[in-house]
1. Is at least one residue of the stretch 124-143 hydroxyl-bearing (Ser, Thr, Tyr), surrounded by fewer than 15 Cβ atoms within 10 Å (Cβ to Cβ), over 28 Å from Ala67 (Cα atoms) and assigned by TED's automatic domain parsing to the domain that holds Ile190?
2. Would you tally the residues in the stretch 300-328 being part of a helix (DSSP H, G or I) and touching a helix residue (DSSP H, G or I) at 6+ places or on another chain (Cβ under 7 Å)?
3. Kindly indicate the residue of the stretch 213-225 that is within 15 Å of the ligand (Cβ to nearest atom) and in a helix (DSSP H, G or I) and also surrounded by the most Cβ atoms within 10 Å (Cβ to Cβ) among those meeting that condition.
4. Do we find that Ala31 is at pLDDT below 95 and small (Gly, Ala, Ser) in this structure?
5. Hey, among Val210, Val173, which residue is more than 16 Å from the ligand (Cβ to nearest atom) and buried (at least 16 other Cβ atoms within 10 Å of the Cβ)?
6. Quick check on the stretch 70-91: of everything there that is within 21 Å of Ser108 (Cβ to Cβ) and of a type in the set (Gly, Ala, Ser), which residue is surrounded by the most Cβ atoms within 10 Å (Cβ to Cβ)?
7. Only residues that are within 22 Å of the chain's Cα centre (by Cα) and free of Cβ contacts under 8 Å to residues at least 60 places away in the same chain: list them for the stretch 182-211, please.
Amino acid sequence: MVSMDLPETSLPAHGTPREELFADLRARKSADADWRAGRTWSLIYPAGEDVDAVLREAHELYLYENALNPFRFPSLADMEREVVAMTAGLLHAPPGASGSLTSGGTESIMQAIRVARDRAAVESPALVVPRSAHPAFAKGAKYFGLELRQIPLDAALRADVSAAAELIDERTVLVAGSAPNYPHGVVDPIPELAALAASRGIPFHTDACVGGFLLPFLPDAPAFDFRVPGVTTMSADVHKYGYATKGASVLLHRNGDHVLQYQAFLYQDWPGGLYGSLALAGARPAAPIAAAWAVMRYLGVDGYTRLVRRIMATVAKIRAGSTDLGLELLGDPAASVLAFTAPNIMAIGDEMDDRGWHLDRQNDPDALHLMVSPEHDRVVDRFLTDLRDSVDNAGQSRGVQARYS
Ligand SMILES: *Cc1c(COP(=O)(O)O)cnc(C)c1O
């Protein structure tokens with residue numbers, strides 16, 4: 001965490017000239033990770049200059065609008081519905097399904113948890129998720145007062161179905177699995193987990209925040225979407241492998257009635273008139289909605305398929321290259337997320353830091369983590385050369401803290 005101490009600064013008495021202001025801003029930014037050079041392996045998902053241009057143009061058109069009120073800016077409401085509909089189609093949601101655009105995967109997951117809690121209306125509700133599930137589930141459990149129960153992972157780093165069965169009881173309001181998960185890129189046994197939940201009458205959420213815009217374009221993807229009976233809600237982040245700018249994720253409900261029945265917040269017990277919202281936020285930025293809509297329309301099925309092929313070619317190179325170097329790949333990743341371990345993996349990470357690469361550290365077991373993006377095909381050969389040097393030169397780890405990002 002960054003320090004919460006405030007910097008020594010105050011609102012300047014006089015305004016700052018624009019040139020000076022932006023010189024300062026550019027200087028500050030120069031210390032940030034150089035993602036355009038392909039040096040980051042998480043957080044940003046570069047898909048090329050043409051996609052970049054589409055996103056910027058959409059942003060410029062919608063910088064100022066507010067998506068809080070769908071009646072004032074009907075174009076936003078339409079785009080939001082169309083993004084949700086396009087995503088529902090990709091994930092094979094049946095007729096009658098519905099959903100909304102949220103600010104990100106965390107909000108999609110938290111809303112799914114809240115809806116499940118409110119539907120079940122049991123005392124002391126509990127949530128059952130794999131140990132590898134994203135912290136958004138723990139956050140949702142904490143915010144909305146649920147007990148979090150973690151399903152242990154099996155040898156393949158997938159949620160252990162028989163252990164899950166033991167954790168489910170009459171207080172369980174939602175079971176979830178990831179497609180794929182963040183730490184290892186492994187897809188949980190979604191059909192088995194969803195069947196287990198359904199057999200007890202419990203809703204099931206597939207967290208496809210990462211996979212929602214990847215797996216549909218892979219020929220051999222494991223079953224994960226609404227074609228699996230028992231999957232009741234899904235999250236898919238347009239701002240990850242949908243390539244939109246940050247602030248766009250889709251939450252889908254198999255039963256579309258649940259959107260108004262449980263997700264919506266409607267209020268009129270104040271002097272300001274009827275207030276309605278599907279989101280956790282009130283005022284909502286319009287630009288991410290326009291960007292999500294624009295990039296999905298711009299790419300289409302063939303665009304996404306092309307980008308997934310680029311990713312998978314890079315993944316194949318990294319899998320082969322790092323195994324050659326004696327690094328051990330964790331589990332059997334389904335797509336673009338990889339984690340490697342070795343006895344001195346943290347020291348190798350330090351060496352990669354020195355060579356200007358940003359790789360996230362993980363624990364349990366210690367590992368380096370990569371999320372591959374389309375543009376990484378430009379740097380993968382250099383990456384593997386530096387990885388070889390790093391493996392050859394790795395001594396003692398400097399003890400850089402494992403850090404989630
Ligand atoms: C990123 C991620 C999330 C959370 O999404 P945010 O957009 O960061 O809030 C949830 N699940 C998985 C598997 C993720 O990788």
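1. yes
2. Result for the stretch 300-328: 12.
3. Phe213
4. So Ala31 fits the description; yes.
5. Every option except Val173 fails the conditions.
6. Within the stretch 70-91, the match that is surrounded by the most Cβ atoms within 10 Å (Cβ to Cβ) is Ala88.
7. Asp188, Pro189, Ile190, Pro191, Leu193, Ala194, Phe204, Thr206, listed by residue number.
This table checks each residue for (1) surrounded by 21 or more Cβ atoms within 10 Å (Cβ to Cβ); (2) closer than 14 Å to Pro285 by Cα.
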{"residue": "Glu57", "(1), (2)": "no, no"}
{"residue": "Glu65", "(1), (2)": "no, yes"}
{"residue": "Leu68", "(1), (2)": "no, yes"}
{"residue": "Ala93", "(1), (2)": "yes, no"}
{"residue": "Ala97", "(1), (2)": "yes, no"}
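The values are calculated or read from the model by the stated rules, or taken from the named source; none is laboratory data. Note that the coordinates shown come from a computational prediction; the quantities given were computed from them, not determined experimentally. Backbone-built Cβ (ideal geometry, glycine too); neighbour counts: all protein chains shown.
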